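Report on one structure; see the data block that follows.
Rule-based calculations on the coordinates, nothing more; no lab input. Nothing here was measured: the structure is a model prediction, and the numbers come from that model. Here the Cβ positions follow ideal geometry from the backbone for every residue, glycine too, while neighbour counts run over all protein chains shown.
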Amino acid sequence: MSIEIKERPLNTAVTMSEFSSKPDIYDKYMYYNVIALVLGILSPYTAPLMVAFISVQYIIRKIKSRDIDLASVPLAQPYMLMFIAVLISDIYSPDFIEIIATVGFMLPYVIYGIYTEEVFDKHFAMHMVSLIAWTSLPVSLFGIVQKILSDNGILFYLPGGRLASTFVNANLYAFYLAVVIFVTLGYMFYTTGEKKRRALMMVLCLDALNLYLTNSRTALFSVLIAAIFFFLLCGKRHAAHILFMSAFILMMAIIVYPQLIPRYFVLDESMEARKEIWQTALVGIRYSPIIGRGFLSFMDFSAMFGVGQLHAHNIVLNTWFEWGVLGVISIIWYVVALFKRGLSALRDSPHRPVIAGILAAVIAAFIQSMTDNPVVNIQTGLIFIMLASILVALTPNNACPTAQKKV
């Protein structure tokens with residue numbers, strides 16, 4: 001007995017020593033991702049704070065340990081290609097402000113994406129899935145309160161009466177809701193507790209109501225299409241068929257009664273505005289088709305044509321315009337890598353509904369990005385990066401040694 005008593009503290013001491021010898025960035029800062037999520041959805045001003053903090057700590061730790069192995073991080077290569085493409089286009093422009101924006105804003109998000117891929121394990125990934133679902137509740141409740149107060153002329157002004165909650169505008173909020181709806185739906189199918197499922201259903205309904213109140217046509221359409229893919233990916237073909245037929249009937253009804261389209265009275269004006277923006281982007285691409293014109297350069301370029309838009313309202317055109325051909329390749333590479341990992345893990349994974357939800361969220365995101373550019377944004381971009389890292393953590397072919405050690 002005395003020997004056993006002596007051995008236990010010894011083993012415990014060894015274990016604690018091993019634990020404390022791990023890099024701080026993998027232990028102390030792990031749960032800072034929770035703060036990063038909260039700050040991300042709180043406002044565009046708070047969104048980059050924790051991302052920058054974690055990224056700096058991560059880089060310092062990597063330099064000190066000299067442990068820089070990007071090959072072990074699945075999405076590191078497309079992330080780095082994005083950054084290199086943007087930096088080359090900035091230098092080619094050349095524009096000092098664009099270079100500062102790239103290094104000061106884009107680089108921390110790229111580093112954060114690599115960091116989260118490296119440290120997220122399956123347990124923490126599911127913790128983040130739960131958090132993303134539940135934190136949408138206060139955001140949606142605030143949105144309802146905001147709408148009520150705005151309609152009565154108190155505190156808030158919502159352009160066109162479109163809900164924006166804690167986001168810059170209604171389209172970004174609609175993007176967030178479209179993504180969160182599928183994360184919540186996947187988590188609801190994954191969880192087993194009946195009470196928890198009912199609670200998640202209430203959150204889902206509230207998010208859907210907020211999405212409707214954003215009056216975002218593309219977001220609503222993207223959710224409808226992505227929902228069909230979600231049920232197909234979950235293996236629920238009957239539900240997918242019913243939803244497909246419902247979508248078909250809805251489309252026929254819209255053809256007969258186009259007034260059913262949200263903001264129908266400004267539809268022609270919106271389409272003409274988009275057409276003008278896209279034509280302006282094509283003009284810029286024609287002058288610099290390979291290298292691009294630099295990060296956030298579309299605003300100044302479009303102003304010369306009297307358009308004056310922050311971006312090209314299309315992820316392909318905007319990426320090509322600002323980041324060049326390498327930027328477009330990096331985006332395609334990124335999305336293909338996500339789907340390749342997700343689809344290969346669907347059949348045998350116990351997290352199948354969650355993986356299906358994330359893939360459906362990606363589909364919804366890129367449908368919406370055909371008429372906007374919400375993926376590249378301080379708030380919504382952070383959510384998208386988190387979802388990508390969660391997907392990597394939940395797939396069985398996770399090759400990252402750090403994450404494997406933590407499982």
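Can you tell me the order of 67-73, 227-233 when each peptide is scored by its average per-residue count of other Cβ atoms within 10 angstrom, highest first?
Numbers: 67-73: 13.0, 227-233: 21.0.
Descending mean neighbour count gives 227-233, 67-73.
Can you run phi through the Karplus equation (6.51, -1.76, 1.60; θ = phi - 60°) for segment 248-262 and list ³J(HN,Hα) in whole Hz, with x for Gly and Pro?
5, 4, 4, 5, 5, 5, 5, 4, 6, 10, x, 5, 5, 5, x
Considering only Pro258, Pro44, Pro108, give the residue with the highest GNM mean-square fluctuation for the chain, with springs between Cα atoms whenever their separation is below 10 Å.
It is Pro258.
Based on the Kirkwood radius over alpha-carbon pairs, what is the Stokes-Einstein translational diffusion coefficient of segment 216-273 at 4 °C with 1.567 mPa s viscosity, in µm²/s?
Numbers: Rh = 12.6 Å.
In µm²/s, the coefficient rounds to 103.
Over the Cα atoms of segment 91-144, each weighted equally, I'd like the Debye log10 I(q)/I(0) at q = 0.27 Å⁻¹, rounded to two decimals.
Result of the Debye calculation: -0.97.
Please identify every one of the chymotrypsin sites (Phe, Trp or Tyr not before Pro) in segment 150-223 that sits in a loop by DSSP and has no more than 12 other beta carbons within 10 Å of its own beta carbon.
Details: sites: Phe156, Tyr157, Phe167, Tyr173, Phe175, Tyr176, Phe182, Tyr187, Phe189, Tyr190, Tyr212, Phe221; in loops: Phe156, Tyr157, Phe167.
Of the chymotrypsin sites (Phe, Trp or Tyr not before Pro), the ones in loops of segment 150-223 whose Cβ has at most 12 other Cβ atoms within 10 Å are Tyr157.
Per residue, how big is the convex hull around the C-alpha atoms of the chain? Give it to me in cubic angstrom, could you? Working shown, then result.
Details: hull volume 70.8 nm³, N = 407.
Considering the Cα atoms of the chain, their hull volume per residue is 174 Å³.
Scan the chain and hand back the longest stretch that contains none of the trypsin sites (Lys or Arg not before Pro) lying in DSSP loops with at most 13 other Cβ atoms within 10 Å. Walk me through the intermediate numbers first.
On the way: sites that count: Lys28, Arg66, Arg347.
Maximal segment without exposed cleavage sites: 67-346.
Compute the angle between helix 122-151 and the longest alpha-carbon principal axis of the chain, please, reported from 0 to 90 degrees and rounded to the nearest 10.
Its long axis makes an angle of about 40 degrees.
Within the P(r) computed for segment 238-301, what percentage of the Cα pairs occupies the region above 13 Å? The partial results should precede the final answer.
Numbers: 1508 of 2016 pairs.
Roughly 75 percent, rounded to a whole number.
Distance check, please: which entries in Lys64/Lys340; Lys122/Lys195; Lys236/Lys340; Lys122/Lys147; Lys122/Lys275 exceed 32 angstrom between their Cα atoms? Could you put the intermediate results ahead of the total?
Values: Lys64/Lys340 34 Å; Lys122/Lys195 24 Å; Lys236/Lys340 21 Å; Lys122/Lys147 38 Å; Lys122/Lys275 44 Å.
Among Lys64/Lys340; Lys122/Lys195; Lys236/Lys340; Lys122/Lys147; Lys122/Lys275, the Cα-Cα distance tops 32 Å for Lys64/Lys340; Lys122/Lys147; Lys122/Lys275.
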